[in-house]
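Notes follow the structure.
The values are calculated or read from the model by the stated rules, or taken from the named source; none is laboratory data. In this text, all values refer to a predicted model and were calculated from it rather than measured experimentally. Neighbour counts are summed over all protein chains in view; Cβ atoms, including those assigned to glycine, are modelled from backbone coordinates with ideal geometry. The accessibility values were calculated without ligands, DNA or RNA, using every heavy atom of the protein model including side chains. Shrake-Rupley method; radii C 1.70, N 1.55, O 1.52, S 1.80 Å.
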Amino acid sequence: MTGGFLSKDDAALGEAFLRDGYVIRTVEDRPALDRIQARMAALAAEALGLDASNEPKSFLDGIHRHVTPENLNPFRVKMIAGINAEPWFRRAYYGLAAQALAAIAGNELAMQRRANLSIQLPEDESSLLPAHTDTWSGDSPFEVVVWLPLVDCRSTKSMFILPPEANARAAAGLARYDGKGVEALYRDHESEAKFLTVDYGQFLLFDQNLIHGNRINREKTTRWTFNCRFKGLFTPYADKKLGEFFEPITLRPATRLGLAYKLPDGFGG
Amino acid sequence: MKSEATRVGYRAYIGSRPIHGSRTPQAVQNLVIRDYCQKNGLVYLLSAVEYTMPGCYMMLNEVMTELPRIEGMVCYTLYMLPERAERRHEIYRRFLDTGTALHAALEAQVLRDAEDIGRFEDLWLVRQALARAPKVV
């Protein structure tokens, strides 16, 4: 496809991504991940009036002992504002998956301005994300998502995704579900949905054109996951625009020269 | 259906395609709804985002199936409801049948009983008429 121009590693990662719709890898900067997790635990403790924990992972896993479904969203919004206010956060987040992103999306990227955070309490019905693709909700088909767990995520504590082949069949028949709802779409493809196991220390990079979502968390502990979108800077945008939603993060010198260049003018014709 | 006392929250409903030719970023739609909920003492539930495909109301239908478990829905604008009047009336009926409320944040309108339908429809019908009217006089 690329005539051997890609490195062997990049080509292998790209093939896996196209085949499965996702890749799961160990984060590329473990101290940065630990810093993010520790800061989130500190922000949570502060918001709840609790002492800071020395074991952030188990503290976050057990947050349902302190947060109810009724006050979950204000708490979540406070957590998002707190971590996005850290000047180092977005650089750290990007650094967790920089090489994989370069292989999959390119080395001149736009990054979502504010990473989202999902907190899913055990047995909570109010924070469900029904089966969807981001593209159906206004994202560009050129985007990919880096999904980052702060706790170990598996089974219903994680997200599901439809593999590319099943997704193609489901998407082709989508209009049939107008009136029946996306829950019916999920039920009809439930057996093909794959719940991804992504442990703390790993990230998931997935194709948001594939149908994905979550179900009620039937595990005993709380899910904490970030999601943040990346795309090639010069690829087409949809409803999520450059500036209001995305920001350039890795502009290269040749591009800067090109953006600033003006042809000589003043000719009389 | 849950009893009215045990239902909690209003599902926010925002769009990802232009409404009558006008586009509002999703973040701004969410801000308007959050502000409306805060001012009116409503518990905000995370937004359902309508799909971008023209004429598609799958997410709205999804919220309709959720109505028996919640207090109602807050849409960004009432002009996000279906273009076809009969489809809008089906939506109104679902709210009335489940004893839930439909709020439109931008217009600060609320539909709680059959009499409120007239106000929603007046706004809709005038808007549709204006869209067909000559733009230059």
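List the residues whose amide H sits under 5 Å from the amide H of B:Ile19, counting only those 5 or more places along or on another chain, with H placed 1.01 Å from N in the peptide plane.
Amide H neighbours of B:Ile19: B:Thr24.
Which loop GluC sites (Glu not before Pro) in region B:51-131, with loop taken from DSSP, have no more than 13 other Cβ atoms within 10 angstrom of their Cβ?
Counting only loop positions with at most 13 other Cβ atoms within 10 Å, the GluC sites (Glu not before Pro) in region B:51-131 are B:Glu83, B:Glu115.
Largest first and in whole Å, what are the equivalent-ellipsoid semi-axes of chain A based on the Cα gyration tensor, each being the root of 5 times an eigenvalue?
Listed largest to smallest, the semi-axes of chain A are 33, 25, 18 Å.
What are the ³J(HN,Hα) values, in whole Hz, obtained from phi via the Karplus relation 6.51 cos²θ - 1.76 cosθ + 1.60 with θ = phi - 60°, for each residue of region B:65-74 in sequence order, with x given for Gly and Pro?
Couplings: 6, 8, 3, x, 9, 10, 8, x, 9, 10 Hz.
Normalised by the residues of chain A, what does the relative contact order come to in percent, with Cα pairs under 8 Å and at least six apart?
30 percent
Which whole-percent values make up P(r) of region A:129-269 when all C-alpha to C-alpha distances are grouped in 5 Å steps starting at zero?
Binned Cα distances yield the sequence 2, 8, 16, 16, 15, 14, 10, 5, 4, 3, 2, 2, 1, 1, 0, 0.
Give the ranking of A:Phe59, A:Phe142 by solvent-accessible surface, highest area first, calculated with a 1.4 Å probe.
The ranking, largest first, comes out as A:Phe142, A:Phe59.
What percentages make up the Cα-Cα pair-distance distribution of region A:130-202 when the bins are 5 Å wide from 0?
With 5 Å bins starting at 0, P(r) equals 3, 14, 22, 23, 19, 14, 4, 2, 0.
Equivalent ellipsoid semi-axes for region A:35-169, as square roots of 5 times the alpha carbon gyration tensor eigenvalues: give them largest first, rounded to whole Å.
Rounded to whole Å, the semi-axes are 27, 20, 14.
With springs only between Cα atoms under 10 Å, which of A:Ala238, A:Ala115, A:Ala105 fluctuates most in a Gaussian network model of chain A?
Maximum among the listed residues: A:Ala238.
How shielded is B:8-20 by partner chains, expressed as the average number of their Cβ atoms within 10 Å of its Cβ atoms?
2
Could you tell me the total accessible area buried at the A-B interface, probe 1.4 Å, in square angstrom to the nearest hundred?
Separately minus together, A and B give about 1800 Å² buried.
Which whole DSSP H helices in chain A pass both tests: a Cα extent of 24 Å or more along the axis and a mean Kyte-Doolittle value no lower than -1.0?
The qualifying helices are A:30-48.
Taking R0 as 25 Å, what FRET efficiency do you get between A:Ile216 and A:Asp34 from their Cβ-Cβ distance, rounded to the nearest 0.05?
Approximately 0.25, to the nearest 0.05.
So what is the 222 nm mean residue ellipticity for chain A from helices alone, if each DSSP H run of at least 4 adds -39500 (n - 2.57) and you divide by all residues, rounding to the nearest 500 deg cm²/dmol?
So the calculated ellipticity at 222 nm is -10500 deg cm²/dmol.
Grab the alpha carbons of chain B, take their convex hull, and tell me the volume per residue in Å³.
Looking at chain B, the number lands at 113 Å³ per residue.
May I ask you to derive the relative contact order of region A:20-76, considering only C-alpha pairs under 8 Å and at least 6 residues apart, and to give it as an integer percent?
Relative contact order comes out at 23 percent.
Could you sort A:His189, B:His20 by accessible area so the largest value comes first, with the probe set to 1.4 Å?
B:His20, A:His189
Give me D for region A:90-152 in µm² s⁻¹, whole number, from Stokes-Einstein with Rh from the Kirkwood sum over alpha-carbon pairs, 25 °C and 0.890 mPa s.
Translational D for this selection: 175 µm²/s.
With θ set to phi - 60°, apply the Karplus curve 6.51 cos²θ - 1.76 cosθ + 1.60 along region A:231-237 and write out the HN-Hα couplings as whole Hz, x wherever there is a Gly or Pro.
7, x, 4, 9, 7, x, 9
Normalising by the residue count of chain B, find the relative contact order in percent from Cα pairs under 8 Å and 6+ residues apart.
So the answer I get is 25 percent.
Let me know the whole percent of all Cα-Cα pairs from region A:42-111 that are separated by more than 19 Å.
Summing the P(r) of region A:42-111 above 19 Å gives 50 percent of all pairs.
If amide hydrogens are placed 1.01 Å from N in the peptide plane, which non-local residues have theirs closer than 5 Å to the one on B:Gly72?
The answer is B:Arg11, B:Ala101.
Pairing the Cα long axis of helix B:116-132 with the longest principal axis of chain B, what angle in degrees results, from 0 to 90 and rounded to the nearest 10?
Its long axis makes an angle of about 20 degrees.
I'd like the mean, over residues of A:178-191, of how many other protein chain beta carbons sit within 10 Å of each residue's own Cβ.
Taking all residues of A:178-191 together, the mean is 3.
List every residue whose amide H lies under 5 Å from the amide H of A:Lys241, counting only residues 5 or more places away in sequence or on a different chain, with H placed 1.01 Å from N in the peptide plane.
Those qualifying (amide H under 5 Å, at least 5 residues apart or on another chain) are A:Phe246.
Dipole magnitude of region A:1-115 about its Cα centre, charges +1 at Lys/Arg Cβ and -1 at Asp/Glu Cβ only, in debye to the nearest 20?
Taking the Cα centre of region A:1-115 as origin, the dipole is about 240 debye.
Under 22 Å between alpha carbons: how many lysine pairs meet that in the protein assembly as shown, if sequence neighbours fewer than 8 apart on the same chain are excluded?
Summing the qualifying lysine pairs gives 11.
Keeping the other protein chains in place, figure out the carbon and sulfur percent of the accessible area of chain B, with a 1.4 Å probe.
56 percent
For region A:178-226, which trypsin sites (Lys or Arg not before Pro) are both in a DSSP coil and crowded by at most 16 other Cβ atoms within 10 Å?
Loop-located and lightly packed - A:Lys180, A:Arg218, A:Lys220.
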